[in-house]
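**Student:** Just dropping this structure here.
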Amino acid sequence: MIRGQTTHLTLGASLVAAAAVFTACGTGTTDRTVRRINGPNGPLTFVSSFVNPDQVEKIIGTNELTPVLKDGANIPAKYGPLIDAFGKISMGCTATHIGNSLVLTAGHCFEAPEKRINNKPCAGVTVDWGYRKDKAAYLKSKCLMVLAAELNDNRDYAIFRVDQAPTAKVEIDLSAKAKTGSTLTIFGHPQLRPLEWSQTCTLEDASRGGWGTDEFSHQCDTEPGNSGSTIIDDNSLKVVGIHDGGRIPWNYGTFLVNTPLAEFVGGSTPTNPAPTPAPAPTARPTPPSDTIVKLPNRVFGPFSNNSKMVLSSFGVELGSSVSFDIVVDVEEGYDFVTIKAGDNLRFEISGAQKRHFDRLMLPVEISFRSDEAGPSKRVSVLNVQARKSSLPNP
């Protein structure tokens, strides 16, 4: 970790080149891609560079991640009441309970679309609370519903509700954006390890990493698995942001006040005001039109031998059809990517190629299988657009 760095860093040529790409974030030409891989301790969901997939949130400078003991005896006593409020999510992210069964994490953990989505089903997602180096989780909660989620160049958040609430919670601060220079701290599950503490860093302007208008930079140590960890003001011990990802030398988070959380705890926010009453219906009905939802790019691989897995699934809750590009680089004739669509269509792809699929009937499942020898490198699912239409597909 590099604490509150304010001077310019001297970077190698590769990092300088990467920085030129990263500054595109927030301009509409994003370089952020959601990845799901099987990590050493289970599945991980995180954001990386589409151009440079290996560039992800990492340790910055000296590794200061500290495993938290059962009773928190090895960390400052002021954090003691908080440590049971952090949980490990089954898809490979970190959660924080803020009271009344409300939980915060990152939008990319739930594959949130570019525009805010409400009431997204989350059946099968669970959270283990209080998991530490010398202590098993004391509670497993089920996700009931993702109340709101969003993933784009400016915001990355998810607010969901669980069936069983932890006894501990972390207070939130929705009064104003935390100020530049504020001291921050993070608790999370890097690489899905037991709870670890980042120690402290400072809040810096989003321009340091080329992040979005509702985001900020920090240099607290994180790794994949920390996605969704709440960023806490070290003085007030209240949540001021949600950690989303990063690339050396800057990690980033979304300001809490730039999420719609106030709608669920009372009030509204500047960027997501409370809903206004619907206008009176007009005498002449408008013709039906398509609603298109953009979903994040996803990159998978490298793959192991004798592997069989579902890479992506798109359900009927998204609409009637889905379009996407798929780029494969797998062992030709031995390893295969299979696409199944709701109208019993089935496609198999092998080798190195790119294909476009337009308006496949939902549900759609993309899976991968490999034989016992020969490497397969990568599968990318890009430019995903789900379409909800009252008109028949052409």
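**Student:** Please determine, by comparing only the residues of the stretch 67-95 that are small (Gly, Ala, Ser) and in a loop (DSSP other than H, G, I, E, B), which one is surrounded by the most Cβ atoms within 10 Å (Cβ to Cβ).
**Tutor:** Residue satisfying both the conditions and the ranking: Gly92.
**Student:** Turning to a different aspect of this structure: Search the stretch 137-168 for residues being assigned to a strand (DSSP E or B) and small (Gly, Ala, Ser), and hand back the single one that is nearest to Lys70 (Cα to Cα).
**Tutor:** Ser141
**Student:** I've got another one for you. Considering only the stretch 349-374, state which residues are over 28 Å from the mean Cα position of the chain (by Cα) and either modelled with pLDDT under 90 or assigned to a loop (DSSP other than H, G, I, E, B) (or both).
**Tutor:** Scanning the stretch 349-374 gives Ser350, Gly351, Asp371, Glu372, Ala373, Gly374.
**Student:** Could you tell me whether the stretch 332-348 includes any residue that is of a type in the set (A, V, I, L, M) and surrounded by fewer than 16 Cβ atoms within 10 Å (Cβ to Cβ)?
**Tutor:** Among the residues of the stretch 332-348, at least one is of a type in the set (A, V, I, L, M) and surrounded by fewer than 16 Cβ atoms within 10 Å (Cβ to Cβ), which makes the answer yes.
**Student:** Can you find even one residue in the stretch 196-203 that is charged (D, E, K, R) and buried (at least 21 other Cβ atoms within 10 Å of the Cβ)?
**Tutor:** yes
**Student:** Against the definition (in the same structural domain as Leu184 (by TED's automatic domain parsing) and surrounded by fewer than 22 Cβ atoms within 10 Å (Cβ to Cβ)), how does Thr45 come out, yes or no?
**Tutor:** no
**Student:** Is it true that some residue in the stretch 149-161 is at pLDDT 95 or above and surrounded by fewer than 16 Cβ atoms within 10 Å (Cβ to Cβ)?
**Tutor:** For the stretch 149-161, residues at pLDDT 95 or above and surrounded by fewer than 16 Cβ atoms within 10 Å (Cβ to Cβ): absent.
**Student:** Here is a follow-up. Going by the conditions given, is Ile326 touching a Lys or Arg at 6+ places or on another chain (Cβ under 7 Å), of a type in the set (A, V, I, L, M, F, W, C) and without any contact (Cβ under 8 Å) to a residue 24 or more places away in the chain?
**Tutor:** no
**Student:** Scanning for something surrounded by fewer than 24 Cβ atoms within 10 Å (Cβ to Cβ), of a type outside the set (S, T, N, Q), under 22 Å from Pro67 (Cβ atoms) and assigned by TED's automatic domain parsing to the domain that holds Cys93, does the stretch 204-222 turn up at least one residue?
**Tutor:** Checking the stretch 204-222: not a single residue is surrounded by fewer than 24 Cβ atoms within 10 Å (Cβ to Cβ), of a type outside the set (S, T, N, Q), under 22 Å from Pro67 (Cβ atoms) and assigned by TED's automatic domain parsing to the domain that holds Cys93.
**Student:** Can Ser376 be described as surrounded by 19 or more Cβ atoms within 10 Å (Cβ to Cβ) and under 24 Å from Ser49 (Cβ atoms)?
**Tutor:** Answer is yes for this residue.
**Student:** Another question, then. Any residue in the stretch 121-137 that is surrounded by fewer than 24 Cβ atoms within 10 Å (Cβ to Cβ), within 21 Å of Leu237 (Cβ to Cβ) and charged (D, E, K, R)?
**Tutor:** Yes: one or more hits.
**Student:** Could you look through the stretch 162-195, keep only residues that are of a type in the set (A, V, I, L, M) and touching a helix residue (DSSP H, G or I) at 6+ places or on another chain (Cβ under 7 Å), and pick out the one that is surrounded by the most Cβ atoms within 10 Å (Cβ to Cβ)?
**Tutor:** Ranking the candidates gives Leu195 first.
**Student:** Something else: Cβ-Cβ distance below 8 Å, separation of 6 or more or different chains: which pairs start in the stretch 365-383 with a residue that is closer than 16 Å to Ser313 by Cβ and in the same structural domain as Val337 (by TED's automatic domain parsing) and end on one that is among the hydroxyl-bearing types (Ser, Thr, Tyr) and in a loop (DSSP other than H, G, I, E, B)?
**Tutor:** These pairs meet every condition: Phe368/Ser307; Arg369/Ser307.
**Student:** Kindly check whether there is at least one residue in the stretch 100-112 that is in a strand (DSSP E or B), touching a residue at least 40 places away in the same chain (Cβ under 8 Å) and among the hydroxyl-bearing types (Ser, Thr, Tyr).
**Tutor:** yes
The values are calculated or read from the model by the stated rules, or taken from the named source; none is laboratory data. Here the structure is a predicted model, which is why all the values come from computation and not from measurement. Note: ideal-geometry Cβ built from the backbone for every residue, glycine included; neighbour counts use all protein chains shown.
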